[in-house]
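The values are calculated or read from the model by the stated rules, or taken from the named source; none is laboratory data. As the structure is a prediction and not an experimental result, all values here were calculated from the model. Glycine gets a Cβ as well: all are built from the backbone with ideal geometry, and neighbour counts include every protein chain shown.
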Amino acid sequence: MHVAMRRFWLRPGSFDEFERLSRERIWPNAESAGLRIRALLRAQEAHPHPDAPAEAEMAVLFTQYVDRAHLRATRSPSDDWRGPERLRRRNWDSIQERQALCYASDATHMERCPVSVGEPRWSYGGWQPSTASNMPDHAPHPTVDGVVPDESGGLIVLRRFWIERGGFAEFERLSVDYIWPAIEALGARIIGLYRAETPHPHPSVEGECDMVVLMTHYTGHPHWLSTRAGQDSWRGPDAVRQHMLAGTRPRHAMTLATEATFTSPCRVPIGGPFFVFQHDQD
């Protein structure tokens, strides 16, 4: 599986039009070529970009492909395009119109790693599957195929970690064994863990490194704060906090830099395909 994460820096007030063009005119053609739109997220605050002003908005799009060859086959400007010519022309015209709303964009190409998805796997009582009776007062939102459905809302925290080269297996182990049980016991949901093929540069990181992207779902900002084991806002039992800290401390030691993006999930078609070549009409 190949996953592309694209970040777009948009002109102020243009997010709704960006989403409309994507939903109505670009994604139908793209899903006809077999890719899957997995999530469109709207950042609460845009990260700085040298080609975008401070007032820019930011959108984050996750798209899934079979592999790199499949990705190239869905690029309408590419000679590798495998769909009908009329879809190529229509898709490219719409992409150019959407691009006019953007100051800048970048792409991260990633593989998805096996993680906890869907129903909670742990509770306070011996890390058994949680139930409504033993969950804290943060009611979790359900997920579908690892992606939060459009009606669930809430807060998606997208974190990028620059870690020591070759350290991914240990980073994942510490997360699975120590950190995720604790935050899922508090009602959070791990949506996806991704390993980037090529890390984006970070001003505080020199030399070779790996980059990891983690998506976690919360009901809101107070819920996120309640899962921070090192903060006074922690809401869980002390034993759970200590178990979590046993993983966060060594994981932090191998992390060279990290960056969080707080986003809201948007109303997008998820879980298709919604369009196929023979049913697509002009």
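Quick notes
- Residues of region 194-228 classified as farther than 29 Å from ARG38 by Cβ and modelled with pLDDT under 90, total: 0
- Members of region 91-113 that are part of a strand (DSSP E or B) and in contact with a helix residue (DSSP H, G or I) (Cβ under 9 Å, 6 or more places away or on another chain): CYS102, SER105, HIS109, CYS113
- Scope region 211-265; condition polar (S, T, N, Q), part of a helix (DSSP H, G or I) and in contact with a strand residue (DSSP E or B) (Cβ under 9 Å, 6 or more places away or on another chain); matching residues: SER226
- Here is the figure for region 155-210: residues that are outside any strand (DSSP E or B) and under 23 Å from MET244 (Cβ atoms) total 22.
- Residues of region 39-57 classified as free of Cβ contacts under 8 Å to residues at least 60 places away in the same chain and in a strand (DSSP E or B), total: 1
- Pair list, Cβ < 7 Å and 6+ apart or interchain, from region 199-220 residues that are more than 30 Å from GLY187 (Cα to Cα) to residues that are of a type in the set (A, V, I, L, M) and assigned to a strand (DSSP E or B): PRO199/MET211; HIS200/MET211; HIS202/ALA257; SER204/ALA257; VAL205/LEU256; VAL205/ALA257; CYS209/ILE163; CYS209/LEU256
- Residues that are part of a loop (DSSP other than H, G, I, E, B) and under 13 Å from ALA59 (Cβ atoms), drawn from region 14-38: SER14
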